[in-house]
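One structure is given below, encoded as structure tokens.
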Amino acid sequence: MAKQPRNGKVTVVGAGFYGSTTALRLAEYDVFETVVLTDIVEGKPEGLALDMNQSRPIEGFETEVVGIGGGSYEGTEGSDVVVVTAGLPRKPGMSRMDLIETNAGIVRQVAENIARTSPDAVVIVVSNPLDEMTALAQLASGFPKQRVMGQAGMLDTARFTDNVAEELGVPVSSVRTLTLGSHGDTMVPVPSRCTVDGKPLSEVMAPDRVEHLVQRTRNGGAEVVALLKTGSAYYAPSAAAARMARAVMEDSGTVMPVCAWVDGEYGISGVYLGVEAEIGREGVRRVVESDLAESEVAGLREAAEAVRAKQADVADL
Ligand SMILES: NC(=O)c1ccc[n+]([C@@H]2O[C@H](COP(=O)([O-])OP(=O)(O)OC[C@H]3O[C@@H](n4cnc5c(N)ncnc54)[C@H](O)[C@@H]3O)[C@@H](O)[C@H]2O)c1
């Protein structure tokens, strides 16, 4: 089959670890015309872009990476997708919620600039605390709710899958898992939807080991932060955000766990929460509700209530 022509422009705001790895992954897909990488720091995005472009002859992709420093949005205009990675990461011992005030100021300003320069973009937020920053980006941009979503569920699900595969010594490709809820203490790994070679997880693993892996998944970000000592994870997180951006641009209709506006599904309304959703050119086409165990639905409702009040608070930050 002939290769599709490259098209579209995706901007990644924040050229730190998360942003730069996302930009490189997006460029290496070779499906976008342009990947723009921006930062308030002058020179860093320009230098990273030059370096990435010089990898093109070796890796064999043509997408051009453009770096824009100094906090400018000139050159980002008319982006189809914008990935927001601007903001501080955690340090060991910090919770994601400890970042809320600083990152709210950053995300608000970024979202206002996106609304001004790329009014038709789909926005994918990754800055933490994720559920609250996604809600804030929607408020500050004024974009329709389906055009603003957050990345967390893809990453948390990937961590759950990797944990199961490692525990059982099987290929990651034989394992299916799912993680919903908040990107924090009320994360809801969903063992009832997990399979290994098509068999329910409960048939191949003792309940106490499943519970151990559920806890490890909830603690997945902190486990990496504690080892790194400075900064947080970015290889798996960037893989997740880049896949979401690609699904939007290709209008793929792929169902993925994302932080989306929930309006009645699972009996929950009026909150951004980790759920499965069908992703396309307009952002979230629809939230996909599936059969969960009663305790898992209860966990999801608990997560919704935990993030609801905080999401209301961000309006004043
Ligand atoms: N959602 C997730 O699953 C997930 C996973 C990992 C990290 N994160 C979050 O992603 C964010 C970025 O992490 P990181 O490791 O890249 O951090 P980092 O410190 O390496 O990079 C952050 C970058 O943002 C830039 N920045 C700050 N204010 C800006 C602004 N107003 N405009 C443009 N750029 C600005 C900084 O100069 C810096 O280069 C953090 O908030 C982190 O907690 C989320």
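Given R₀ = 45 Å, FRET efficiency for S295-E62 by Cβ-Cβ distance, to 0.05? Kindly include the intermediate steps, with their values, before the conclusion.
Values: r = 49 Å, r/R0 = 1.10.
After rounding, the FRET efficiency stands at 0.35.
Measure nothing but the geometry: give the 0 to 90° angle between the long axis through the Cα atoms of 294-313 and the longest principal axis through the Cα atoms of the chain, rounded to 10°.
Approximately 40 degrees, to the nearest ten.
Hey, what did the stretch 153-314 get for relative contact order, percent, Cα under 8 Å, at least 6 apart?
Working: 262 pairs, mean separation 37.5, N = 162.
Relative contact order, the stretch 153-314: 23 percent.
Give me the aspartates and glutamates in straight-line cross-link reach of K3: C-alpha distance below 14 Å, same-chain residues under 8 apart excluded.
Partners found: D30, E33, E62, E250.
Reported to two decimal places, what Rg/Rh ratio describes the chain when computed on Cα atoms with Rh from the Kirkwood expression? Could you put the intermediate results ahead of the total?
On the way: Rg = 18.8 Å, Rh = 19.7 Å.
Ratio of gyration radius to Kirkwood radius for the chain: 0.96.
If amide hydrogens are placed 1.01 Å from N in the peptide plane, which non-local residues have theirs closer than 5 Å to the one on V12?
Close amide H contacts, sequence-distant or interchain: V36, L37, T38, V83.
Tell me the per residue accessible area of the stretch 153-314 using a 1.4 Å probe; a whole number in Å² is fine. All intermediate terms of the calculation are to be shown ahead of the outcome.
Values: 7160 Å² over 162 residues.
Value returned for the stretch 153-314: 44 Å² of accessible area per residue.
Mind putting a number on the dipole of the stretch 9-150 about its Cα centre? Charges go on the C-beta only, +1 for Lys and Arg and -1 for Asp and Glu, and I need it in Debye to the nearest 20.
Numbers: 11 positive and 19 negative charges, 105 e Å.
Magnitude of the dipole: close to 500 debye.
Summarise the accessible area of the stretch 125-276 (1.4 Å probe, protein heavy atoms) by the percent that is carbon and sulfur. Let's see the in-between values first.
On the way: 2920 of 5770 Å².
Within the stretch 125-276, the accessible surface is 51 percent carbon and sulfur.
Based on the Kirkwood radius over alpha-carbon pairs, what value in µm²/s does the Stokes-Einstein equation return for the translational diffusion coefficient of the stretch 9-150 at 20 °C and 1.002 mPa s?
Working: Rh = 15.0 Å.
The diffusion coefficient I find is 143 µm²/s.
Sorted by accessible area (1.4 Å probe), largest first, how do R159, R243, R116 line up? It would help to have the intermediate numbers written out before the result.
On the way: R159 35, R243 115, R116 155 Å².
Result, largest first: R116, R243, R159.
Once the Cα atoms of helix 44-54 and of the chain are each reduced to a long axis, what angle between those two axes, in degrees from 0 to 90 to the nearest 10, is obtained?
Helix 44-54 sits roughly 90 degrees off the main axis of the chain.
Calculate, for A226 and E302, the FRET efficiency according to 1/(1 + (r/R0)^6) with r their C-beta to C-beta distance and R0 22 Å; round to the nearest 0.05.
The pair A226/E302 has a calculated efficiency of 0.25.
I want the local charge near G70. Using Cβ-Cβ distances under 13 Å, sum +1 for each Lys or Arg and -1 for each Asp or Glu among the other residues.
Working: positive: K44; negative: D39, E42, E46, E74.
Residues near G70 contribute -3 overall.
Name the residue from N53, G43, T21 whose Cα lies farthest towards the positive end of the charge dipole of the stretch 1-111, charges +1 on Cβ of Lys and Arg and -1 on Cβ of Asp and Glu.
Selected residue: T21.
At 7 Å along Cα-to-Cβ for each site, give me the label-to-label distance between L88 and Q4 in nm.
A separation of 4.0 nm, rounded to one decimal place.
Once label points are set 7 Å from the Cα along Cα→Cβ at both R116 and D30, what is their separation, rounded to one decimal in nm?
3.8 nm
Just how much of F17 is accessible, in Å², when a 1.4 Å probe is used and the result is rounded to the nearest 10?
Accessible surface of F17 is approximately 130 Å².
Could you calculate the contour length gain from E101 to D197, that is, 0.36 nm times the residue separation minus the distance between their Cα atoms, to one decimal place in nm?
Values: separation 96, 0.36 × 96 = 34.56 nm, distance 4.41 nm.
Contour length minus Cα-Cα distance gives 30.2 nm.
Based on the Cβ-Cβ distance from A315 to N219, what FRET efficiency comes out when R0 is 22 Å, to the nearest 0.05? Mind showing how you got there, number by number?
Values: r = 30 Å, r/R0 = 1.36.
Computed FRET efficiency for A315 and N219: 0.15.
Keeping every protein chain in place, order I106, I100 by accessible area at 1.4 Å, biggest value first, i.e. largest first.
Details: I106 50, I100 25 Å².
Descending accessible area places them as I106, I100.
The values are calculated or read from the model by the stated rules, or taken from the named source; none is laboratory data. As the structure is a prediction and not an experimental result, all values here were calculated from the model. No Cβ is skipped: glycine too gets one built from the backbone with ideal geometry, and neighbour counts run over all protein chains shown. Side chains are part of the model used for accessible areas, which takes the heavy atoms of the whole protein and leaves out ligands, DNA and RNA. Shrake-Rupley method; radii C 1.70, N 1.55, O 1.52, S 1.80 Å.
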